[in-house]
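Report on the following structure.
The values are calculated or read from the model by the stated rules, or taken from the named source; none is laboratory data. Not measured: the values here are computed from a predicted model. In this analysis, Cβ positions are derived from the backbone assuming ideal geometry, glycine residues included, and neighbour counts consider all displayed protein chains.
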Amino acid sequence: MQPTFSFNLRGAYNKIANLTQAQQEKGIVACAAGNHLEGVAFAAAKLGVDAIVIAPVGTAQNVSHSTKSKITMVEHGADFDASMKEAFRVAQTEGRSLVHPFDDPLVIAGNGTIAMEILKETSGERPAAIFAPVGGGGLIAGLAAYVKEVAPDVKVIGVEAEGANLLEVSMKEGSPVAIPSVNRFTEEVGIKTIGTENFRLCKDLVDEVVTVSTDEICSAIKDIFGDTRSLMEPTGAISVAGAKKYARVKNAQNEKYVAVLAAANMDFDRLRFVSERSDDRERFMAVKIPEKIGSYQELYNVIFPHNMTEFTYRMDSEGDSVARICMSIQTKTEDEFVNVVKAINERGDMHATDLASNELAKSHLRHLAGGRPENVTNERVFRIEFPERPGALKDFLETLGQSARQWNISMFHYRNHGADIGRVLVGFQVPKKDNAAFHAFLSQVGFRCEEETNNQAFTHFLQ
């Protein structure tokens, strides 16, 4: 475990430690954000070297106070390229040594010490392959250089995120290629091209490159946490995502792989997104069902015993014959999900559309489904809570089906967040003459209910 919780310390320390006494006295400058910044700050403080760090505007807010106290922090430019130009300028005008985040032989060599440790620990049985994140190439270039010198039969496989596949594209073209828009989930500072020295090494020494989706990275974060109770950041978990995908695609049997967990500086505000996207058993779909009493229960009966984890519905208008629903269910395999979609469509009066790979739907539309209907009369809205457990939603729907069939459901929202309490927002159309009977139903239903009909959030956005 590195003191800065990422591999970048190795390269930064090796670079600064190998400067001459005169160079160290003049100080260093680095273009850095995130893990490289932490590594430079730690190494410079340890070696007693004055350091200026240039970072893109807006990235300093994520730097700890203890790290800032070790360096002079300067925000400059909107992206990595602009900050890098400023770092070059400072190096030239002030005579400071530049500590590049990846495109430097000493940085590459320092990072490559990871490979030395891996091969020492696996000397009894060499792995078939070592998976490592790519980024700008600082880690994988050093790792590949050492592995191919000591154990050339071991494959070195780079892993990149879709939309940030710098090495994959560059290897196909035969030279470093710039990608104008980079996936920031794994490349927070937006590195747009792999380093020159890094590519020189990688093009001959890296065997393959695997690209993985954001969902696959989130799933890997969850897997690592489940096995080790360690929380990786996306860059740290991406190699596990690559190993999983590689083994699946190659139908690998009894092969030993090593995945480098490169960094563990997870931003806390990312956890909700990771949790939302990490469950590779959860499948998202859109369903149309008849707009009539009892349709929800019939739909759930088709899906059962698969667990429903999300359900969003809002009536469009009085007299509409179709209810449009966004929902997620859990299945063990892709084939199971396909069979559920098929079973829904075979009913004839229902239609399901697979949205499991639809990024627009998963990122945005699931939160925007519904809206303000044209005309829904006598609507009353309630927040209802029930003990969360397997099958709890089914029991809840059955209770509604048995006791409230005379009142149409005009809105329904449920999301399983893994809590001990299930929370549902439900709209009922209750004529005034039925108020007494409806209150009797609520008192007997056995769940905690709170009316939200006059809640400003509801009246502003949904009424």
Open item on the list: Looking only at the range 427-463, how many residues end up being over 38 Å from the mean Cα position of the chain (by Cα) and either assigned to a helix (DSSP H, G or I) or crowded, with 16+ Cβ neighbours inside 10 Å (or both)?
Closed with: 16
Open item on the list: Could you check the range 190-223 and list, in sequence order, the residues that are hydroxyl-bearing (Ser, Thr, Tyr) and either in contact (Cβ under 8 Å) with a residue 60 or more places away in the chain or within 15 Å of ALA109 (Cα to Cα) (or both)?
Closed with: THR196, THR214, SER219
Task: Wholly within the range 1-120, strands (runs of 3 or more DSSP E) carrying at least 2 residues that are within 23 Å of ALA178 (Cα to Cα) and not acidic (Asp, Glu) - done: 28-31, 51-55
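Under the condition of being touching a helix residue (DSSP H, G or I) at 6+ places or on another chain (Cβ under 9 Å) and at negative phi, which residue from the range 432-450 is modelled with the lowest pLDDT? Lay out the reasoning, then the answer.
Restricting attention to the range 432-450, the residues satisfying the condition of being touching a helix residue (DSSP H, G or I) at 6+ places or on another chain (Cβ under 9 Å) are 441, 444-447, 449.
Those still in the list that are at negative phi too: 441, 444-445, 447, 449.
Working: PHE441: 84, GLN444: 79, VAL445: 76, PHE447: 80, CYS449: 86.
By that ranking, first place goes to VAL445.
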Open item on the list: Of everything in the range 301-317, what is at pLDDT 85 or above and within 16 Å of HIS351 (Cβ to Cβ)? Give them in sequence order.
Closed with: VAL302, ILE303
Open item on the list: Condition check: within 18 Å of THR4 (Cβ to Cβ), among the charged types (D, E, K, R) and surrounded by 15 or more Cβ atoms within 10 Å (Cβ to Cβ). Does LYS155 satisfy that?
Closed with: no
Task: Counted residues, the range 121-141 - those being surrounded by fewer than 24 Cβ atoms within 10 Å (Cβ to Cβ) and assigned to a loop (DSSP other than H, G, I, E, B) - done: 7
Task: Given (1) aliphatic (A, V, I, L, M); (2) assigned to a strand (DSSP E or B); (3) modelled with pLDDT under 75, index of the condition MET411 fails - done: (3)
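Yes or no: ARG277 touching a residue at least 60 places away in the same chain (Cβ under 8 Å), among the charged types (D, E, K, R) and part of a strand (DSSP E or B)?
Numbers: touching a residue at least 60 places away in the same chain (Cβ under 8 Å): yes; among the charged types (D, E, K, R): yes; part of a strand (DSSP E or B): no.
When the stated conditions are applied, ARG277 does not pass them.
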Task: the range 147-157, residues that are in contact with a helix residue (DSSP H, G or I) (Cβ under 7 Å, 6 or more places away or on another chain) and free of Cβ contacts under 8 Å to residues at least 60 places away in the same chain - done: VAL147, LYS148, VAL150, ALA151, VAL154, VAL156
Open item on the list: Can you confirm whether ALA144 is touching a residue at least 24 places away in the same chain (Cβ under 8 Å), in contact with a Leu (Cβ under 9 Å, 6 or more places away or on another chain) and surrounded by 18 or more Cβ atoms within 10 Å (Cβ to Cβ)?
Closed with: yes
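With within 27 Å of the chain's Cα centre (by Cα), at pLDDT 95 or above and in the same structural domain as ASP267 (by TED's automatic domain parsing) as the only criterion, which of GLY158, GLY135, GLY163, GLY190 stands out? Let's see the steps before the verdict.
Details: GLY135 fails: at pLDDT 95 or above; GLY163 fails: at pLDDT 95 or above; GLY190 fails: at pLDDT 95 or above.
So the residue among GLY158, GLY135, GLY163, GLY190 that is within 27 Å of the chain's Cα centre (by Cα), at pLDDT 95 or above and in the same structural domain as ASP267 (by TED's automatic domain parsing) is GLY158.
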Task: Any chance GLY174 is more than 27 Å from the chain's Cα centre (by Cα), on the phi > 0 side of the Ramachandran plot and touching a residue at least 24 places away in the same chain (Cβ under 8 Å) - done: yes
- [ ] Would you check which residues across the range 170-187 are crowded, with 18+ Cβ neighbours inside 10 Å and either assigned to a helix (DSSP H, G or I) or modelled with pLDDT of 85 or more (or both) and list them?
- [x] SER170, MET171, PRO176, VAL177
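Yes or no: VAL338 among the hydrophobic types (A, V, I, L, M, F, W, C), at pLDDT 85 or above and assigned to a helix (DSSP H, G or I)? Walk me through how you get there before you give the answer.
Values: among the hydrophobic types (A, V, I, L, M, F, W, C): yes; at pLDDT 85 or above: yes; assigned to a helix (DSSP H, G or I): yes.
So VAL338 fits the description; yes.
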- [ ] From ALA343, ALA392, grab the single residue that is in the same structural domain as TYR414 (by TED's automatic domain parsing), at pLDDT 90 or above and out of contact with any Lys or Arg (no Cβ under 9 Å at 6 or more places or on another chain).
- [x] ALA343
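Table: residues versus (1) touching a strand residue (DSSP E or B) at 6+ places or on another chain (Cβ under 6 Å); (2) in a helix (DSSP H, G or I); (3) surrounded by 14 or more Cβ atoms within 10 Å (Cβ to Cβ).
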{"residue": "LEU231", "(1), (2), (3)": "no, no, yes"}
{"residue": "VAL240", "(1), (2), (3)": "yes, yes, yes"}
{"residue": "LYS245", "(1), (2), (3)": "yes, yes, yes"}
{"residue": "GLN253", "(1), (2), (3)": "no, no, no"}
{"residue": "ARG272", "(1), (2), (3)": "no, yes, no"}
